[in-house]
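The values are calculated or read from the model by the stated rules, or taken from the named source; none is laboratory data. Every value quoted in this text rests on a predicted model; they were computed, and no experiment measured them. Using ideal geometry, Cβ is built from the backbone for each residue, glycine included, and neighbour counts are taken over all protein chains shown. Only protein heavy atoms, including side chains, enter the accessible area calculation; ligands, DNA and RNA are left aside. Shrake-Rupley method; radii C 1.70, N 1.55, O 1.52, S 1.80 Å.
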Amino acid sequence: MTYIHLDHASVEIPIYNSRGRSLKAALLRQVGGAVEANSRDVVTVKALQDISLRLEPGARLALIGHNGAGKSTLLRVFAGAYEPTSGHAEIHGSISSLLDMTMGMDAELTGAENIILRGAFVGMSLKEAQNRVDEIADFSELGPYLHLPLRTYSSGMTLRLAFAISTTRAPDILLLDELISVGDAAFALKAQMRIQKLIDKAGILVLASHDIKTLKRYCDTAIMLQSGRIVAQGTIDEVLERYASP
Ligand SMILES: Nc1ncnc2c1ncn2[C@@H]1O[C@H](COP(=O)(O)OP(=O)(O)OP(=O)(O)O)[C@@H](O)[C@H]1O
């Protein structure tokens with residue numbers, strides 16, 4: 001069974017605990033999530049506020065909103081990386097998110113060893129990760145570099161490996177923060193085709209993007225976030241129209 005249910009979910013991130021006023025004042029004036037100081041003088045960002053939604057198989061949801069509106073934070077809640085600080089999130093199904101793709105990788109280990117390490121990080125058993133090493137190695141096209149420590153890779157090479165690992169399994173729930181472009185032109189095309197396959201197979205797709213063409217291409221419904229709250233919800237066309245209106 002695949003679903004995402006959020007019930008009045010909020011995420012507050014404590015960011016500052018100080019007597020100093022200038023940074024706090026600057027933070028309180030910022031434009032993204034709502035920033036407040038609580039009674040103990042701890043400044044918190046209300047990155048998400050009172051979000052309730054239900055996504056079932058077949059959902060193709062766009063997250064729309066200006067910088068700092070809460071899109072990435074919501075994707076992190078869907079991914080299970082953030083627990084709501086109040087309210088509930090219930091997520092069922094295998095999840096693949098291309099957020100934080102290199103998290104869990106170790107610069108001192110070889111590419112091949114990192115496949116196992118990062119594989120475990122994204123929920124693979126040791127056996128599954130071992131079985132997938134050849135396919136991931138082929139896709140990444142890193143050849144002999146796979147036996148060298150990650151610290152010898154360029155950032156593009158690291159991303160290629162991370163992408164190959166993160167996309168080797170087709171998930172029930174696919175979470176995308178912009179359609180990233182990985183590697184040079186040839187690799188980017190291959191990566192795009194792989195993402196397309198994952199999108200086609202995914203039961204639930206959630207895509208956060210600022211690119212209207214991309215959103216319209218992949219999503220049929222949308223929510224618009226503002227300061228961490230849902231301020232519009234409906235078909236992709238309805239919400240994009242609301243987004244465009246002043
Ligand atoms: N780790 C963190 N520590 C402090 N504040 C954070 C953290 N992560 C997010 N925020 C704050 O939460 C709010 C929502 O951020 P989020 O990254 O979810 O926005 P976004 O809609 O994805 O923005 P963008 O379009 O720029 O990627 C912002 O005000 C941001 O500053």
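Some observations on this one:
- Residue in segment 143-156 that is in a loop (DSSP other than H, G, I, E, B), of a type in the set (F, W, Y) and crowded, with 16+ Cβ neighbours inside 10 Å present: yes
- Filter pass, I136 being more than 23 Å from L189 (Cβ to Cβ), assigned to a helix (DSSP H, G or I) and of a type in the set (V, I, T): no
- Residue within segment 204-213 that is open to solvent by 10 Å² or more (accessible area, probe 1.4 Å) and among the polar types (S, T, N, Q) present: no
- L159 in a strand (DSSP E or B) and buried (at least 16 other Cβ atoms within 10 Å of the Cβ): no
For (1) open to solvent by 30 Å² or more (accessible area, probe 1.4 Å); (2) within 16 Å of the ligand (Cβ to nearest atom), each residue gets a yes or a no:
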| site | (1), (2) |
| --- | --- |
| L61 | no, yes |
| T73 | no, yes |
| S94 | yes, no |
| M103 | yes, yes |
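- Pick from segment 77-92, criterion closer than 23 Å to L198 by Cα, open to solvent by 40 Å² or more (accessible area, probe 1.4 Å) and in contact (Cβ under 8 Å) with a residue 24 or more places away in the chain, ranking: farthest from the ligand (Cβ to nearest atom): H92
- Within segment 86-118, the residues that satisfy the criterion of being more than 21 Å from D177 (Cβ to Cβ) and not assigned by TED's automatic domain parsing to the domain that holds G143 are S86, G87, H88, E90, H92.
- First in segment 179-199 and farther than 14 Å from F139 by Cβ, second anywhere and crowded, with 17+ Cβ neighbours inside 10 Å and at pLDDT below 90, Cβ under 7 Å, 6 or more apart: I180/L98
- Here L179 fulfils each of the conditions (1) at pLDDT below 90; (2) assigned to a helix (DSSP H, G or I) apart from (2).
- Listed by first and then second residue, the pairs with beta-carbon distance under 6 Å, at least 6 apart or on different chains, first residue in segment 104-125 and among the basic types (K, R), second surrounded by 18 or more Cβ atoms within 10 Å (Cβ to Cβ), are R118/M105; R118/I165.
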